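The values are calculated or read from the model by the stated rules, or taken from the named source; none is laboratory data. What you see is a predicted model; the values in this text were computed from it and never measured. Glycine gets a Cβ as well: all are built from the backbone with ideal geometry, and neighbour counts include every protein chain shown.
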Amino acid sequence: MRLGEATVKSRGDFNPAKCLTRRNTLQAVDNYGHPYVRLDIPAAKTAAPGVSQSVWLVPQGELCAIEALRNLAKVVPAGELDPLFSWRDDKGGIRPMAKPRIMERINGILDANNVPRTFGHSFRIGGASFYMANKVDPEIVRIAGRWRSLAYETYIRSFEQVISRHLENLPEA
């Protein structure tokens, strides 16, 4: 998912009709009994005006987005029309997560650990690379990332890991 779909440019830019709110989440169980969360993005970059797009979250082990959302709901109780990704200020007000502040915080942590700085788009690149390196079918990566074209292929990092995972142990031709 794009970082800009989960955040706002500034606190004043939050609009419940266009931004991700608590109401835009659905926790359910699929036909096989597996839990999932669907985030319905009201104004995604690649969606037609007035058409939402969905992002699907499934359990991921120790770093699980579903568990993180559950924890967020406990730590920052909020109403249905409040920002999904939010925090409480010192007066108890609900505030949306602003992309510049998030990037400032992340890059501060990276700087303190002598790791190169990052940009918001690199999270999407990292997601595509991670799934490809772990043998997720490229078409699933494209669909899950909501790419309409093969553009995601340009984002794949560590191609040597991706290619070896997908092509190792093939029968001889």
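Just one of the listed residues (R101, R2, R11, R23) is surrounded by 13 or more Cβ atoms within 10 Å (Cβ to Cβ), of a type in the set (D, E, K, R) and touching a strand residue (DSSP E or B) at 6+ places or on another chain (Cβ under 8 Å), and it is R11.
Counting only residues that are among the polar types (S, T, N, Q) and free of Cβ contacts under 8 Å to residues at least 12 places away in the same chain, region 1-60 holds 3 of them.
Could you list, in sequence order, all residues of region 1-34 that are assigned to a strand (DSSP E or B) and either closer than 26 Å to I94 by Cβ or of a type in the set (S, T, Y) (or both)?
V8, T21, T25, L26, Q27, A28
The condition of being over 19 Å from the mean Cα position of the chain (by Cα) and small (G, A, S) holds for only one of G61, G12, that being G12. Once region 124-144 is narrowed to residues that are assigned to a helix (DSSP H, G or I) and either assigned by TED's automatic domain parsing to the domain that holds F85 or among the charged types (D, E, K, R) (or both), the residue that is nearest to the chain's Cα centre (by Cα) is R124.
Filter region 57-67 for residues that are loosely packed, with under 13 Cβ neighbours inside 10 Å and out of contact with any Asp or Glu (no Cβ under 9 Å at 6 or more places or on another chain) and give the result. Of everything in region 57-67, those that are loosely packed, with under 13 Cβ neighbours inside 10 Å and out of contact with any Asp or Glu (no Cβ under 9 Å at 6 or more places or on another chain) turn out to be G61, E62, L63. When the criteria are applied in full, R148 meets the requirement of being modelled with pLDDT under 80 and within 23 Å of V58 (Cβ to Cβ). Condition test on L81, is it of a type outside the set (K, R), touching a Pro at 6+ places or on another chain (Cβ under 9 Å), part of a helix (DSSP H, G or I) and surrounded by fewer than 17 Cβ atoms within 10 Å (Cβ to Cβ)? Answer is no for this residue. Take the conditions (1) of a type in the set (F, W, Y); (2) at pLDDT below 75; (3) surrounded by 14 or more Cβ atoms within 10 Å (Cβ to Cβ); Y131 misses just one of them, which is (2). Scanning region 35-45 turns up at least one residue that is loosely packed, with under 12 Cβ neighbours inside 10 Å, at pLDDT below 90 and not in a strand (DSSP E or B).
In region 151-171, of all residues being modelled with pLDDT of 70 or more and either hydrophobic (A, V, I, L, M, F, W, C) or more than 19 Å from the chain's Cα centre (by Cα) (or both), the one that is surrounded by the most Cβ atoms within 10 Å (Cβ to Cβ) corresponds to A151.
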